[in-house]
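Report on one structure; see the data block that follows.
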Amino acid sequence: MSGSTQEAAPTAEFRHIRIPSAGEKIRIEDGKLVVPDQPIVGYVEGDGIGPDITKACLRIWDAAVEKAYGGTRKIHWCETFLGEKAAGLYDGNYCPDETLKVLQDLIVSIKGPLTTPVGGGFRSLNVALRQDLDLYACVRPVRHYAGVPSPLKRPDKVDIVLFRENTEDVYTGIEYKTGTPENEKLARFLREEMKAKFFEGAGLGIKPISAFGSKRLVRKAIQYAIDHGRESVTLVHKGNIQKYTEGAFRNWGYEVAREEFAGVTITEEQLYGEYKGKQPDGKIVIKDRIADIMFQMMLLRPDEFDVIATTNLNGDYLSDAIAAEVGGMGIAPGANMADFVAVFEATHGTAPKYANQNKVNPGSLLFSGVMMLEYMGWNEAADLITLVYPEVIGDGIVTYDFARQIDGATEVGTSQFADALIERIQGGVDLEAKRKAQREQLVKERKQREVRRLLQPMEEMLDTGRIPHTVNDLMTRSLITVSDDDSIDSAMHLISQNNISSLVVEPNGNGEWGILTRRDIISRVVRAAKNPLTTKVAEIAVRPIVSVPAETSIVEAAKLLEESKFTRLTVAQGKKIIGIVTETDIFNAVEKFGWAGEGV
Ligand code: NAP
């Protein structure tokens, strides 16, 4: 196929697959992927436009590896067969067992698009691969490449990696058609035993979401964030409505972070609370967003998001929507992954009308290969491709799909586009300078976000789609303290100068903190006709006060306020008062952010 295909040793084990005799298999040792300098990597060229793009990409990947490592590293490609090519070789079998076995055995592979034959009881090939190799995470990086047409004003702000759970949710196919005995049986059970209410004749489907499935997906996303120096992992869910599936996904996600990555993760709550908006070095922020808000956020504030972990259906919608935002539908890469086994793939279909015309854009498969090189730890080769790509597009050298969107562009075929990229790669790129510029840009953007969080935490929450959950998210942190011996007159000056409604009163002899509000002063000093100059704070301060820990939920705080008849609660960390939450704070937050309900 490509110039790099190795001499193959026929193996009795396989009918058509030839494992290259040169090269070594990638292996797993002590829970880590070990990639030799001469690894054997599997590929499936795919149907329709598959052969055209695969041919082009193999040449580009090989050129990048050659240039990056001066010949010390080289991929030994092993062709495996799925789809129409497999059917031709294996007596009509589109998904031969030996292909599945080799893909599993080689650990890392890449595939072009495949035709799923219609009818005849065939499983979708992609579903078969996913199930047989237990590829539970669908990973889609989405970023913008300069020059690629996009409907966004600032597509450069999009740079996310989405981890979509691949094995459960409504995709398990547990569905019962209306009018069938199964549907009627389930409907009866739900109505009679579970007291569920729904319209007669409804089709019924089940949405299973498990701790096992959710946790392994989130674990992979967090590990990715750690390995790639990312800033945050956002759990995207619809838990405000589906509490025990989507809401549970969110909770299990936080649990994994807490239990398995405690040293390297903090929650967004801690970021705003404990760290006052300043992200500590080496810590990844774990946050969550409701799915519908996430769609808005990806248009309005995409730079706030980095790695995303989400359930199957949300991920399906979200990955295509985000890819489309950066004009990347045609060039969006992807991979389906198990713990180690990974199949990288073009995300578009076989576009049969363009088959064998040397016409289409190889971008999707090309960048899936870039992901693959990164997965192998061959970042220098990956970066070479990523960095020269915008230069070629910038020169106006593009395939037909981009040519129709870019004025004055020169349309070239798939292989000519590959030639242009290879020429650039071979010409050499100052990788270090470009990486340095990228790093500096990243640091600058992170700093800007940090400053906004520090200066306007409430506004930031609102603008970035965060819904407050606990008193920590609402409380006033800048507390002003007075002592029992201060006069009410000086306390009034403090309240007035700082435009606040209450002061914290230092502990008395019994160690009890107190609080002094405007309202207390009006009712117990002014109305009682006392002299503020001679009245001491101790006489008016309210003690004992109701203190709650920072992680108290808003619902809990509202209940306590009601029960205690106070208008405010103090928030304590151990014996120290760190904030105050008032009825007004809760009211304002709910008015601003809406109310997602308890448990979310
Ligand atoms: P498609 O093959 O993705 O093609 C739809 C349109 O997308 C094409 O007509 C073309 O648009 C554009 N397009 C796709 N790939 C392109 C590329 N590399 N460069 C430029 N433009 C590209 O979707 P489909 O027609 O719905 O599906 C065809 C077959 O693919 C079906 O058998 C389906 O089952 C299969 N499929 C396989 C996979 C997979 O293996 N991962 C995924 C999806 C679909 P214009 O005509 O407007 O230029």
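The values are calculated or read from the model by the stated rules, or taken from the named source; none is laboratory data. In this text the structure is predicted, and so the values were computed from the model without any measurement. Positions of Cβ are backbone-derived with ideal geometry, glycine not excepted, and every protein chain shown enters the neighbour counts.
The single condition among (1) under 20 Å from MET337 (Cα atoms); (2) in contact with a His (Cβ under 9 Å, 6 or more places away or on another chain) that ARG230 does not satisfy is (2).
On the stretch given as the stretch 273-307, residues that are buried (at least 17 other Cβ atoms within 10 Å of the Cβ), within 25 Å of GLY147 (Cα to Cα) and in contact with a Ser or Thr (Cβ under 9 Å, 6 or more places away or on another chain) total 5.
Is one or more of the residues making up the stretch 175-189 touching a strand residue (DSSP E or B) at 6+ places or on another chain (Cβ under 6 Å) and among the aliphatic types (A, V, I, L, M)? Even if it seems obvious, please write down each step before you answer.
Looking only at the stretch 175-189, we keep the residues that are touching a strand residue (DSSP E or B) at 6+ places or on another chain (Cβ under 6 Å), and these are 175-176, 182-183, 186.
From the residues that got through so far, the ones that are among the aliphatic types (A, V, I, L, M) too are 186.
The answer is yes; a qualifying residue exists.
Residue count for the stretch 55-83, restricted to those that are within 16 Å of the ligand (Cβ to nearest atom) and out of contact with any helix residue (DSSP H, G or I) (no Cβ under 9 Å at 6 or more places or on another chain): 0. Here PHE122 meets the list (1) hydrophobic (A, V, I, L, M, F, W, C); (2) touching a helix residue (DSSP H, G or I) at 6+ places or on another chain (Cβ under 7 Å); (3) modelled with pLDDT under 95 almost entirely, failing just condition (2). Which one of ALA420, ALA409, ALA437 is under 30 Å from TYR275 (Cβ atoms) and either out of contact with any Leu (no Cβ under 9 Å at 6 or more places or on another chain) or surrounded by 13 or more Cβ atoms within 10 Å (Cβ to Cβ) (or both)? Every option except ALA437 fails the conditions.
ASP320 passes every criterion in (1) free of Cβ contacts under 8 Å to residues at least 24 places away in the same chain; (2) touching a Leu at 6+ places or on another chain (Cβ under 8 Å); (3) not aromatic (Phe, Trp, Tyr) apart from (2). In summary, ASN358 fulfils each of the numbered conditions (1) more than 10 Å from the ligand (Cβ to nearest atom); (2) not in a loop (DSSP other than H, G, I, E, B) with the single exception of condition (2). Among the residues in the stretch 372-380, are any closer than 20 Å to ASP419 by Cα and either among the hydroxyl-bearing types (Ser, Thr, Tyr) or within 14 Å of the ligand (Cβ to nearest atom) (or both)? No: the stretch 372-380 contains no residue that is closer than 20 Å to ASP419 by Cα and either among the hydroxyl-bearing types (Ser, Thr, Tyr) or within 14 Å of the ligand (Cβ to nearest atom) (or both).
Among the residues of the stretch 275-317, what is the count of those that are acidic (Asp, Glu) and free of Cβ contacts under 8 Å to residues at least 24 places away in the same chain? If you could, list the steps in order and put the result at the bottom.
Residues of the stretch 275-317 that are acidic (Asp, Glu), as a first pass: 281, 288, 292, 303-304, 306, 316.
Those left that are additionally free of Cβ contacts under 8 Å to residues at least 24 places away in the same chain: 281.
The qualifying residues number 1.
Just to be sure before I move on: is MET298 hydrophobic (A, V, I, L, M, F, W, C) and either within 16 Å of the ligand (Cβ to nearest atom) or under 27 Å from GLN131 (Cα atoms) (or both) in the structure I sent? Walk me through how you get there before you give the answer.
Values: hydrophobic (A, V, I, L, M, F, W, C): yes; either within 16 Å of the ligand (Cβ to nearest atom) or under 27 Å from GLN131 (Cα atoms) (or both): no.
So MET298 does not fit the description; no.
Taking the stretch 29-92 as the region of interest, the strands (runs of 3 or more DSSP E) fully inside it that hold 3 or more residues being surrounded by fewer than 18 Cβ atoms within 10 Å (Cβ to Cβ) are 32-34.
Rundown of residues vs (1) in a loop (DSSP other than H, G, I, E, B); (2) out of contact with any Asp or Glu (no Cβ under 7 Å at 6 or more places or on another chain); (3) modelled with pLDDT under 85, yes/no style:
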position	(1), (2), (3)
GLU432	no, yes, yes
GLN438	no, yes, yes
GLU445	no, no, no
ARG453	no, no, no
GLU459	no, yes, yes
LEU462	no, yes, yes
GLY465	yes, yes, no
ASP485	yes, yes, no
ALA491	no, yes, no
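Considering only the stretch 523-599, give the helices (runs of 4 or more DSSP H) lying wholly within it that have at least 2 residues that are farther than 30 Å from ARG250 by Cβ. First the steps, then the outcome.
On the way: elements: 537-540, 554-564, 583-593.
Result: 537-540.
Condition first: assigned to a loop (DSSP other than H, G, I, E, B) and either within 12 Å of the ligand (Cβ to nearest atom) or among the aromatic types (Phe, Trp, Tyr) (or both). Now tell me which residues in the stretch 329-346 satisfy that. If the condition is that a residue be assigned to a loop (DSSP other than H, G, I, E, B) and either within 12 Å of the ligand (Cβ to nearest atom) or among the aromatic types (Phe, Trp, Tyr) (or both), then MET329, GLY330, ILE331, ALA332, PHE340 are the ones that fit. Annotation: GLY369 fulfils all but one of (1) within 11 Å of the ligand (Cβ to nearest atom); (2) at pLDDT 95 or above; the unmet one is (1). Going through (1) small (Gly, Ala, Ser); (2) crowded, with 24+ Cβ neighbours inside 10 Å; (3) within 16 Å of the ligand (Cβ to nearest atom) one by one, GLY349 falls short only on (2).
Scanning the stretch 467-479 for residues that are surrounded by 13 or more Cβ atoms within 10 Å (Cβ to Cβ) and either in a loop (DSSP other than H, G, I, E, B) or among the basic types (Lys, Arg) (or both) yields a count of 6. Per the listing GLU274, GLU259, the residue uniquely among the acidic types (Asp, Glu), at pLDDT 95 or above and not in a strand (DSSP E or B) is GLU259. Of the numbered criteria (1) within 26 Å of ALA56 (Cβ to Cβ); (2) more than 8 Å from the ligand (Cβ to nearest atom); (3) modelled with pLDDT of 95 or more; (4) touching a helix residue (DSSP H, G or I) at 6+ places or on another chain (Cβ under 6 Å), the one VAL326 fails is (3). Residues that are without any contact (Cβ under 8 Å) to a residue 40 or more places away in the chain, among the basic types (Lys, Arg) and either within 13 Å of VAL504 (Cα to Cα) or surrounded by 15 or more Cβ atoms within 10 Å (Cβ to Cβ) (or both) within the stretch 547-582 comprise just one, LYS576.
Does PHE249 fit the bill of being in contact with a Ser or Thr (Cβ under 7 Å, 6 or more places away or on another chain), buried (at least 18 other Cβ atoms within 10 Å of the Cβ) and modelled with pLDDT of 90 or more? Spell out the reasoning first.
Values: in contact with a Ser or Thr (Cβ under 7 Å, 6 or more places away or on another chain): yes; buried (at least 18 other Cβ atoms within 10 Å of the Cβ): yes; modelled with pLDDT of 90 or more: yes.
Yes.
GLN405 satisfies every condition listed in (1) of a type in the set (S, T, N, Q); (2) at pLDDT 95 or above; (3) more than 22 Å from SER368 (Cα to Cα) except (2).
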